[in-house]
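Reading through the structure tokens given below for one structure.
The values are calculated or read from the model by the stated rules, or taken from the named source; none is laboratory data. Keep in mind the model is a prediction, meaning the values are calculated, not measured. Positions of Cβ are generated from backbone atoms using ideal geometry, with glycine treated the same way; all protein chains shown enter the neighbour counts.
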Amino acid sequence: MKFCKLVKFSLAAWLLLLPFPSYSVEIAYVDARRLIDEAPQGRDEVKKLEAEFSERGRELQARIDLFTTHEKELQKNAVTMSSEELEERTGELRDMQRSLQREQQIYNEDYARSRNQGLARLEQLISIVIIDVAKREKIDLVLQQAVYASRDIDLTGKVLEELDKRYRE
């Protein structure tokens, strides 16, 4: 039994002395917020969103302005109106306000949905480009969140260059 333990110990000690290949892991970091903000594709998404919603936003704002004008007129002329007329106008304004609130809520939901869809497409493209750049640079691990990352491992600039290159193509 002692011989068996001695052999196992000797074998383990001998294995520890064998040279093991050294492994190095190449790590990089990307600033995801900067990629989203500075990518030309992101600027295009913002322009598309603005173009898609600008007319609708202007129309909604014009209706809000009209409501405000009617509200001010009612406040100004309320003392000269009969109680029936005041009730009627107040009811009309209340209905108009409800309608505007619904329209504004729908507008905000549509805007948020379109924005989120565009952002999802951009994030997907950015992920593909990060992977492509990482493979080309022979990087084993790319982090998007870190408490601290040295400039030496920041891959953001190269990813932005690749995004710009793909945008121009």
Review point. Which members of the range 115-149 meet the condition of being free of Cβ contacts under 8 Å to residues at least 60 places away in the same chain and not charged (D, E, K, R)?
Key: N116, Q117, A120, Q124, S127, I128, V129, I131, V133, V147, Y148
Point to revise | Qualifying position, being polar (S, T, N, Q), modelled with pLDDT of 90 or more and under 27 Å from E123 (Cα atoms), among Q97, Q105 | key: Q105
Review point. In the range 150-160, how many are in a helix (DSSP H, G or I) and either in contact (Cβ under 8 Å) with a residue 12 or more places away in the chain or farther than 19 Å from I27 by Cα (or both)?
Key: 5
Check your understanding: In the range 73-114, how many residues are closer than 15 Å to E59 by Cβ and either in contact (Cβ under 8 Å) with a residue 60 or more places away in the chain or among the polar types (S, T, N, Q) (or both)?
Key -> 4
Check your understanding: Does the range 145-152 contain any residue that is under 19 Å from the mean Cα position of the chain (by Cα) and at pLDDT below 95?
Key -> yes
**Study point:** Selection within the range 128-151 - under 17 Å from R34 (Cβ atoms) and surrounded by fewer than 16 Cβ atoms within 10 Å (Cβ to Cβ)
**Key:** L143, Q144, Q145, A146, V147, Y148, S150, R151
Check your understanding: With respect to R56, is the statement that it is closer than 23 Å to N116 by Cα and either surrounded by 10 or more Cβ atoms within 10 Å (Cβ to Cβ) or modelled with pLDDT of 95 or more (or both) true?
Key -> yes
Check your understanding: So R56 fits all but one of (1) closer than 18 Å to Y111 by Cα; (2) in contact with a strand residue (DSSP E or B) (Cβ under 8 Å, 6 or more places away or on another chain); what number is the exception?
Key -> (2)
Review point. Mind checking which residues of the range 93-104 are among the polar types (S, T, N, Q) and under 16 Å from E55 (Cα atoms)?
Key: Q104
Check your understanding: Which of the residues that make up the range 115-127 are closer than 25 Å to Q61 by Cβ and surrounded by 12 or more Cβ atoms within 10 Å (Cβ to Cβ)?
Key -> R115, Q117, G118, L119
